[in-house]
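Q: Mind having a look at this structure? Questions to follow.
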Amino acid sequence: MSKRLKLFLGISYISILLIFLYIIFSYVEVTRLDDFSYYKEIQKDLNIIIGKDLYLNLVLFFLFSVTWVSLLGFGSPLLLISGILFGKWIGTFISVLSISFGALVLYSIANFFFKSLVHDLLEKNFLKYIHLFKKNEFNYFFLFRLTGGLGIPFGLQNVLPIIFNIKKINYFFASFLGFIPMFFIWNTIGAGLSEYIKQSENFSIINLLLNKEIYLPIILFIFFMFISVMLKRKIFDIKD
């Protein structure tokens, strides 16, 4: 790939990312971020907007999420937002679907434009895993997603499989299924935050943490992380 094309793609990515961030933060009143009533107002407005046309808002969230993830955006904020907007069940479904598609788009773009670059940068560090994925790419990539991507940053997780040459259909469905447990936990926390904001008059970190809609998914998150670490050690920790 020519240096001009790489420069153009890099500038385009940064420009689109900055536009997204500007749009998001232009609606935030920074001076009221320490005012709990401000969050109650936002929550009330969001309920009205979502209630007017659920399906349209699901489509908009889907499109935004796909675009955001394909631009190397973080996944966790989307999960909390989907839980706040749509509740834990619908939120889990739409976030799993949209982020899986977004990851696939990023994987496809990186595989087409930056395949040699990804190999040059990452193959040496992850060479020991290549033979694992060649055995059964779907199962191992599913476990890779299920265990949180071995602690690798989310954007990098989505392009790393290029060195394993994973088929797109296996990439999508392994991601979709592997995302479900952790995404459900994050969406449950988001839904719990939404309920807490609606029901409480003042913010209290103690009351928030004692809310079962918050502490139960947190406990589940810790338990799931423990299981993930065990799976990682058993399956992916390979001696050089």
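Q: Sort the stretch 101-143 into rounded, prolate or oblate with this rule: let a ≥ b ≥ c be the square roots of the eigenvalues of the Cα gyration tensor; rounded if a/c is under 1.5, and if a/c is not under 1.5, prolate when a/b is larger than b/c, oblate otherwise. Intermediate results must be reported in sequence, preceding the final value.
A: Numbers: a/c = 2.69, a/b = 1.18, b/c = 2.29.
Because a/c hits 1.5 or more and a/b fails to exceed b/c, the stretch 101-143 counts as oblate.
Q: Suppose each label sits 7 Å from its Cα in the direction of the beta carbon; what would the Phe154-Gln199 distance come out to in nanometres?
A: 2.7 nm
Q: Also, quick follow-up: Length gain on complete extension for the stretch Glu123 to Leu60, per 0.36 nm per residue less the alpha carbon to alpha carbon distance? Each step should come with its number before you reach the end.
A: Details: separation 63, 0.36 × 63 = 22.68 nm, distance 3.64 nm.
Here the answer is 19.0 nm.
Q: Quick one, what does Rg over Rh come out to for the stretch 47-174 if you take C-alpha atoms and the Kirkwood Rh? Before the final figure, lay out the partial values.
A: Numbers: Rg = 15.9 Å, Rh = 15.4 Å.
My calculation of the ratio gives 1.03.
Q: What's the magnitude of the charge dipole for the chain around its Cα centre, counting Lys and Arg as +1 and Asp and Glu as -1 at the beta-carbon? Answer in Debye, nearest 20.
A: Numbers: 22 positive and 14 negative charges, 224 e Å.
Once rounded to the nearest 20, the dipole reads 1080 debye.
Q: With the alpha-carbon atoms as the only input, what is the per residue convex hull volume for the chain in Å³? Show your work: numbers first, answer last.
A: Numbers: hull volume 33.4 nm³, N = 240.
Spelled out: Cα convex hull of the chain, divided by residues, is 139 Å³.
Q: Net charge within 13 Å of Phe183 by Cβ-Cβ distance, Lys/Arg positive one each and Asp/Glu negative one each, not counting Phe183 itself? Let's see the in-between values first.
A: Values: positive: Lys88, Arg145; negative: none.
Computed value for this residue: +2.
Q: How far apart, in nanometres, would the label points at Ile109 and Phe226 be if each is projected 7 angstrom from Cα along the Cα-to-Cβ direction?
A: Modelled inter-label distance: 4.0 nm.
Q: Which of the three applies to the stretch 133-207, rounded, prolate or oblate, going by the alpha-carbon gyration tensor with a ≥ b ≥ c and a/c under 1.5 meaning rounded? Spell out each step's value before the answer.
A: Numbers: a/c = 3.90, a/b = 3.10, b/c = 1.26.
It comes out prolate by the Cα gyration axes.
Q: Something else: Excluding residues on the same chain fewer than 8 positions from Lys212, give the lysines whose Cα lies under 23 Å from its Cα.
A: Lys40, Lys44, Lys88, Lys198
Q: If one computes P(r) from the Cα atoms of the stretch 122-161, what percent of pairs lie at distances over 10 Å? If you can, show how the numbers build up before the last one.
A: Working: 556 of 780 pairs.
Considering the stretch 122-161, 71 percent of its Cα-Cα pairs are separated by more than 10 Å.
Q: What translational diffusion coefficient, in µm²/s and rounded to a whole number, does the Stokes-Einstein relation yield for the stretch 102-240 at 4 °C and a viscosity of 1.567 mPa s, taking the hydrodynamic radius as the Kirkwood radius over Cα pairs?
A: Values: Rh = 16.8 Å.
Rounded, D is 77 µm²/s.
Rule-based calculations on the coordinates, nothing more; no lab input. Worth saying up front: this structure is predicted, and the values here are computed from it rather than measured. Please note: Cβ atoms are built from the backbone with ideal geometry, for glycine as well, and neighbour counts cover all protein chains shown.
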